[in-house]
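A short reminder: the numbers here are calculations on the coordinates, not readings from a lab. The structure presented is a predicted model; accordingly, all values stated were derived computationally and were not measured. Positions of Cβ are backbone-derived with ideal geometry, glycine not excepted, and every protein chain shown enters the neighbour counts.
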């Protein structure tokens, strides 16, 4: 997952590291405050206050613990290269700008001990920057545990991104975590969609509520919620037909669904391989019908990782899951710290 | 999926048919992704040819296709200044060589993606073959039962 981005980040990390290393190894001219100067010639006086550094300590600080200060000029080229790297990986411009700003903030003007590993300085700056941009993620299990049941989750998104499969995968994930789940077959538009979700539900052993093809999705999902309430089910997963945000009639249908089933969470589903297009579409969907969290499918096919890195920062909504394959358990909760560690691991 | 000699009921046959349909739809999506990647790769290769041709041309004159099989002779004012979309809807100016290098890198990325998609497609087709075998044996069993009746 995101192998290309990882490789590029490691190259950028080395470039930043060598820029700082060049500063660190440059000859340091001691200023008058730290130079031994005249006092070096005077025999050392025992001081009453232990805080006053002795001559020997001063020399040690200068030679062993001297600090380096990174200036903008030292890292300008490396940061510009990092910017290109991120843009080439389809990381959205606002997210790229934010990462560069955080890395710059993490590096510039900071007094660094010479003894400190340059690589660790760079990795820390990158880690902090990426974590800032990725946000906190979204812990669905925690959300369900802390909200009144049934928790109603409505899945929206454009056509062909794997929404129905995602509903099934999340159903299997929640069942495995001990929650009871019911699925509403709200995609009454696409031929075979009801059958498809029906087969999924049967395979994972989850109850499904379905009407005839062409029926009113609001009615299906209303019935699903009623079923969940009367059977004390923990979670309602509502599938819907794929639609583009500029199709007014389909978007007003989604509005109706929202009014009728009153979802606790609206989850936008798109594919990671769509890169920046996925970010743009998520933004438009959020503007039109709202979204509380995002799921990106086909992340295993995505070498660039642009959408995953930028979506939370760009639309201000957390990434909840990443779809990583064909099997039901090929879905992983999006944990920013884990993703960042994976991106930055190795390469030192 | 394991093949079994147990008799298959109609319900199981229907489920297998659903699986086949679903896998077929998924395979279609992967095939269209492969097509998209191949189109992108071919486009990038054509762009590399054009960029290299521009530099090779003595006076910077190239044939510019304007659709419908029609072309005009066009003179490139600045063959060394290439505007290239690098991703995230950002366009930057690069030298001709840098643009060619960038496109070559993109081609490598696309080829890697193609390989991954093709592997997934192969796995999917293998599963479909298994289901198909199971379906055929089910049909044969049903036919044999009908003959006995």
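Return the whole-Å distance between the Cα centroid of the range A:253-290 and the Cα centroid of the range A:173-222.
19
Pull out a ≥ b ≥ c, the square roots of the eigenvalues of the alpha-carbon gyration tensor of chain B, then state rounded if a/c is under 1.5, prolate if not and a/b is larger than b/c, and oblate in the remaining case.
Working: a/c = 5.06, a/b = 3.48, b/c = 1.45.
Prolate shape, in that a/c is at least 1.5 and a/b is the bigger ratio.
Equivalent-ellipsoid semi-axes (√(5λ), Cα gyration tensor) for the range B:79-118, whole Å, largest first?
Numbers: eigenvalues 113, 28, 4 Å².
Ellipsoid half-lengths, sorted descending, are 24, 12, 5 Å.
Using Cβ counts within 10 Å as a stand-in for footprinting exposure, how do B:110, B:20 rank, fewest first?
On the way: B:110 20, B:20 16.
Listing B:110, B:20 from fewest to most nearby Cβ atoms yields B:20, B:110.
When ranked by the protection proxy of mean other Cβ atoms within 10 Å per residue, highest first, what sequence do the peptides A:269-276, A:338-345 form? Intermediate values should be presented prior to the final figure.
On the way: A:269-276: 25.2, A:338-345: 16.9.
Per-residue Cβ counts within 10 Å, averaged per peptide and sorted highest first, yield A:269-276, A:338-345.
If a/c stays under 1.5 just call it rounded; otherwise compare a/b with b/c (prolate if a/b is bigger, oblate if not). Do that for the range A:220-309, with a ≥ b ≥ c from the square roots of the Cα gyration tensor eigenvalues.
Values: a/c = 2.84, a/b = 1.62, b/c = 1.76.
Oblate is the answer for the range A:220-309, as a/c is 1.5 or above yet b/c matches or exceeds a/b.
Which of A:105, A:73, A:6 comes first, and how do the rest follow, when ranked by fewest Cβ neighbours within 10 Å?
Values: A:105 14, A:73 10, A:6 19.
Placing the least packed residue first, the sequence is A:73, A:105, A:6.
Round to the nearest 0.05 the FRET efficiency obtained for residue A:108 and residue A:11 when R0 = 22 Å and r is the Cβ-Cβ distance. Numbers along the way, then the final one.
Details: r = 21 Å, r/R0 = 0.97.
After rounding, the FRET efficiency stands at 0.55.
Need one number: % antiparallel among DSSP beta bridges in the protein assembly as shown, to the nearest 5. If you can, show how the numbers build up before the last one.
Details: 17 of 43 bridges.
Within the protein assembly as shown, antiparallel bridges account for around 40 percent of the total.
Give me the inter-chain shielding for A:87-94: mean count of other chain Cβ atoms within 10 Å, whole number please.
Details: counts 7, 9, 4, 5, 3, 4, 4, 1.
Taking all residues of A:87-94 together, the mean is 5.
For residue B:112 and residue B:66 in one chain, what is 0.36 nm times their gap in residues minus the Cα-Cα distance, to one decimal in nm?
Numbers: separation 46, 0.36 × 46 = 16.56 nm, distance 3.26 nm.
Computed gain between residue B:112 and residue B:66 is 13.3 nm.
So for the range A:124-269, what percent of the C-alpha to C-alpha distances run longer than 27 Å?
Numbers: 2361 of 10585 pairs.
So the pairs more than 27 Å apart make up 22 percent of the total in the range A:124-269.
What Kirkwood Rh does the protein assembly as shown have if only Cα atoms enter the pairwise 1/r average? Answer in Å. Show your work: numbers first, answer last.
On the way: mean 1/r = 0.0374 Å⁻¹.
For the protein assembly as shown, inverting the mean 1/r across all distinct Cα pairs yields 26.8 Å.
I need the calculated FRET efficiency for the pair residue B:27 and residue A:190, taking r as the beta carbon distance and R₀ as 25 Å, to the nearest 0.05. The partial results should precede the final answer.
On the way: r = 17 Å, r/R0 = 0.68.
E(calc), rounded to 0.05, equals 0.90.
If R₀ is 45 angstrom, what is the calculated FRET efficiency for the pair residue A:124 and residue B:130, using the beta carbon separation as r and rounding to 0.05?
Values: r = 50 Å, r/R0 = 1.10.
It comes out at approximately 0.35.
Relative contact order for the range B:10-148: what is it in percent, counting Cα pairs under 8 Å that are at least 6 residues apart?
Values: 104 pairs, mean separation 43.6, N = 139.
So the answer I get is 31 percent.
Kindly identify the range A:130-179 as rounded, prolate or oblate by the Cα gyration tensor criterion: order the square roots of the eigenvalues as a ≥ b ≥ c, call it rounded if a/c is under 1.5, otherwise compare a/b with b/c, prolate if a/b is larger, else oblate. Could you put the intermediate results ahead of the total?
Values: a/c = 1.78, a/b = 1.02, b/c = 1.75.
In terms of gyration-tensor shape, oblate.
Most mobile of B:101, B:59, B:122 per a Gaussian network model of chain B (Cα springs, under 10 Å)?
B:59
I want to check the label-to-label distance for residue B:81 and residue A:244. Put each point 7 Å from Cα in the C-beta direction and report it in nm to one decimal.
3.5
Going by how many other Cβ atoms sit within 10 Å of their own, how do A:317, B:115 line up, fewest first?
Details: A:317 23, B:115 11.
Ordered by Cβ neighbours within 10 Å, fewest first: B:115, A:317.
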